[in-house]
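Read the figures in this text as sums done on the coordinates, not as results from a lab. Every value quoted in this text rests on a predicted model; they were computed, and no experiment measured them. Cβ sites come from the backbone with ideal geometry, for glycine too, and all protein chains shown count toward neighbours.
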Amino acid sequence: MIRRFLPVLLLASASLLRGAVALPQISAPHTSVTESETVFTGGARLTYDNLLLLADEIHYNPKAQIAHAIGHVSLTRGAQRLLADELTYNLIERTYSVKGMRVGEDPLFITGSAVEGGPASLIIHDAIVTFSEPSLISPTLKADSLTYTPGEGVKARSARLGVGAFTPIPIPSYNQSVKDPLFSHMTARVGFGSKLGAYLELGLLAPVTPSLKLGGDLGLYTNRGVLVGPGMEYKFSSDTQNVRGKLSTGYINDHGELGTDVLGRPIQEDRGFVSWEHYQTVGDHLTLLGDVNYWSDSEVVRDFRPDDFRKVQNPDNFLEGTYTADNYVISAFTRFQPNNFEAVQQRLPEVRFDGLPIELGSGFYHRFNASLAVLSDAPPTTGPTLTSDRLDAYYALTRPFTPSEWLSIKPVAGARFTYYNQAQAGRDDYARMLGELGFDAELHANATYGYKNERWGIDGLRHQVTPYVSYRYIPEANKGQPYIPAIDRDTFSTYLQPLGLGDRRDIDSLKATNALRIGLDNALQTRDPKYGSRNLAELNVATDWHFDPQGNEARFSAIQTQLAVMPANWLQFDVYQNVTPQDMRLRELNTGVTFKDANVWSLRLGTDYLEAGSFQSYAGAPITPVNGLQAYTAELHYFLNEVYEAIGRVAYDSRQQRFTEQTYAIRQNIRNLWFISYVLAFNSGDTRESSAGFSIRLELVKF
């Protein structure tokens, strides 16, 4: 019979150690008395110092202060519990012996042939630990001897991991917290794809210390070979720091169809990847970050980890340390290029000081930023390698004015000095000083209405309107361009970029600026009993007016429009539109509508349109083509019942007039322990992924 139970934790009190023993309270339907003991039967109950002992019968010796419980024994103290067939408990010494012991702490369940120890920890022999209730499908740990510390976890050596009675995985050292799953990561997937062939993928991370989990991944592919790689996760905290991170690796000697990478180069058969993420805080001020991703070629993660590739298609590699004080931030940052298929503006390293705006007096505020960077840009194909040692500093003064509560005006005057130790066009170095003048102004207005609608959850309306204008004049921003290595340059984006000189990151390819940004932000809100208020709709519109257009700039930039409508928690509609005002040409349009019915179903429909064109990052730079896009997507999640969920995803490319992706899946929840996904997928137009495939994926539920 399967039962839920919690751990035993028996704590000795000071009064007991001094010999001042309180009397227990015992009750039962039937009682008999002998010379040495009292026998309570028919469902006995003993309470003593926040301790509860239940059993079919209890034999109590008042002289020795010993209770012997027989049959369906349950010993409980607080939220912790021990179950056994028989238990003898010494009320004075707080020790006990048991037969047929079962102990644990949700979600860990432990059984064993014998137990020894005291209130602080138990040593259990022939131990079996299961995650959640014991069953044929429960994650299981077996060990000849195991130490269980209530409230903390279990430790074992020479243990074996598995599922149910099948525990084939040897673990030399195991240290499990009661707060974590038995396996922090356990997955299995079998399937077939036209590119991979029949395949089996396994993943496991098991705790070897409370802070460290070790394991790895194994993939067997009939068309490709064997992919294997160790992995780990770590997480620990103290009074002074918090640390977490994970490592994932893989290597395969690929004997399948290798093809070419994104640069058209043949892919080699020795392929692999390494991914490491790190986050750490030390004290209240210091933060350390790291993200390292080595790919042997641009397609290895796409071929063998398609879910990861959809999230990150251009791997980043950086390390950063940041010290945050009350009014300034000091950081050291390095970005490097371990992959030979992508262009990276490397920082080897960059040290920055960023001062927050500080009041000087008389209403004036000043701001100061400075950086020293060793830069490198080595194209993966043809083209010169650019290097530069750059010192950069920016200083600005502002004087905000608020003529009324609905109007704010902030004039800005700033200067930016940049020195390049390695220049171009025959110069050894080059120094540049730029100045800017401008202002930021906002007008705030709102109106309230008493409209109410119970069906839509509307309790009054408030309309907030914020028109704003920002002006910047930077007349000589493009001076010295022939001498400056264009490493930090403009990148393709359909969104409006920062206007102020101190916020620009493309400082090696600046253009002279004489521009006014005009915008209008709208928000329609209602009262919310939980959050105070919530937005029903948002509408934001903005454009830039260039008085002196540079290069291929138009006098008016594209008009950016963002609309979001969320009148209820089951409906949301969002739109982003980019239109050129000169000819009202649509450059980009993204829409999406989401319907939700509590925990029963959800449906999202989306469209994505991007006009084809070209992009040039700076004058004289190569022209990069921009591929157009016109796609429609739909994703449906429907819970058939508490066990089964139906999932469907489709993507249609109207330019190619075909479905580029179709995924149909059933997800099964097995006793809140495992998820099994049965997936049928079709792909069109993608030469790397299988045109058709079927897979079954098994993963442990994350608690």
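Summary table below
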{"read-out": "For the stretch 183-325: lysine pairs under 21 Å (alpha-carbon distance), excluding those fewer than 8 apart on one chain", "value": "4"}
{"read-out": "Order by protection proxy (mean Cβ within 10 Å, highest first), peptides 300-308, 692-700", "value": "300-308, 692-700"}
{"read-out": "Within the stretch 444-478: backbone nitrogen closer than 14 Å to the Gln497 label point (7 Å, Cα to C-beta)", "value": "477-478"}
{"read-out": "Calculated SAXS-style log₁₀ I(q)/I(0) at q = 0.21 Å⁻¹ - the stretch 183-325, Debye, Cα scatterers", "value": "-1.31"}
{"read-out": "Computed Rg/Rh of the chain, alpha carbon atoms with Kirkwood Rh", "value": "1.06"}
{"read-out": "Mean separation of Cα contacts under 8 Å, 6 or more apart, over the residue count of the chain: relative contact order %", "value": "5 percent"}
{"read-out": "Extent along principal axes [Cα atoms of the stretch 232-301; Å; largest to smallest]", "value": "53, 22, 11"}
{"read-out": "Cα convex hull of the stretch 429-476 - mean projected area over all directions, nm²", "value": "6.5 nm²"}
{"read-out": "Mean Cβ neighbour count within 10 Å, used as a protection proxy, ranking 649-657, 92-100 highest first", "value": "92-100, 649-657"}
{"read-out": "Phi to ³J(HN,Hα) by Karplus 6.51 cos²θ - 1.76 cosθ + 1.60 over the stretch 665-671, Hz, x for Gly, Pro", "value": "9, 10, 10, 10, 9, 9, 6"}
{"read-out": "The stretch 613-663 - Rg (one decimal) and Dmax (whole number), Cα, Å", "value": "19.1, 61"}
{"read-out": "Reachable aspartates and glutamates, given that their alpha-carbon falls under 13 Å from the alpha-carbon of Lys179 and they are not under 8 places away in the same chain", "value": "Glu105, Asp106, Glu152"}
{"read-out": "Computed lengthening from His463 to Leu603, 0.36 nm per intervening residue step minus Cα-Cα distance", "value": "47.5 nm"}
{"read-out": "FRET efficiency, 1/(1 + (r/R0)^6) with R0 25 Å, evaluated for Leu443 and Tyr365 via beta carbons", "value": "0.75"}
{"read-out": "Integer Hz, Karplus 6.51/-1.76/1.60 couplings in order for the stretch 534-548, x for Gly and Pro", "value": "9, 7, 8, 7, 9, 9, 10, 10, 7, 7, 10, 10, 8, 6, 10"}
{"read-out": "Packing-based ranking, highest mean first, of 52-60, 383-391, 591-599 given that Cβ atoms within 10 Å are counted", "value": "52-60, 383-391, 591-599"}
{"read-out": "Per-selection metrics, the stretch 392-462 (Cα): Rg and Dmax in Å", "value": "24.2, 74"}
{"read-out": "Sites Thr387 and Ala413, calculated FRET efficiency, Cβ-Cβ separation with R0 25 Å, nearest 0.05", "value": "0.15"}
{"read-out": "Electrostatic dipole magnitude of the chain [Cβ: Lys, Arg +1; Asp, Glu -1; Cα centre; debye, to 20]", "value": "800 debye"}
{"read-out": "Distance (nanometres) between label positions extended 7 Å along Cα→Cβ at Phe682 and Asp284", "value": "6.1 nm"}
{"read-out": "Calculated on alpha-carbon atoms, Rg and Dmax of the stretch 333-440 in Å", "value": "19.0, 58"}
{"read-out": "FRET efficiency, Lys530 to Phe659 (Cβ-Cβ, R0 51 Å, nearest 0.05)", "value": "0.80"}
{"read-out": "Phi-based couplings in Hz for the stretch 371-378 (Karplus 6.51, -1.76, 1.60; Gly and Pro marked x)", "value": "8, 10, 9, 9, 10, 8, 9, 10"}
{"read-out": "Distance (nanometres) between label positions extended 7 Å along Cα→Cβ at Arg427 and Ala22", "value": "8.6 nm"}
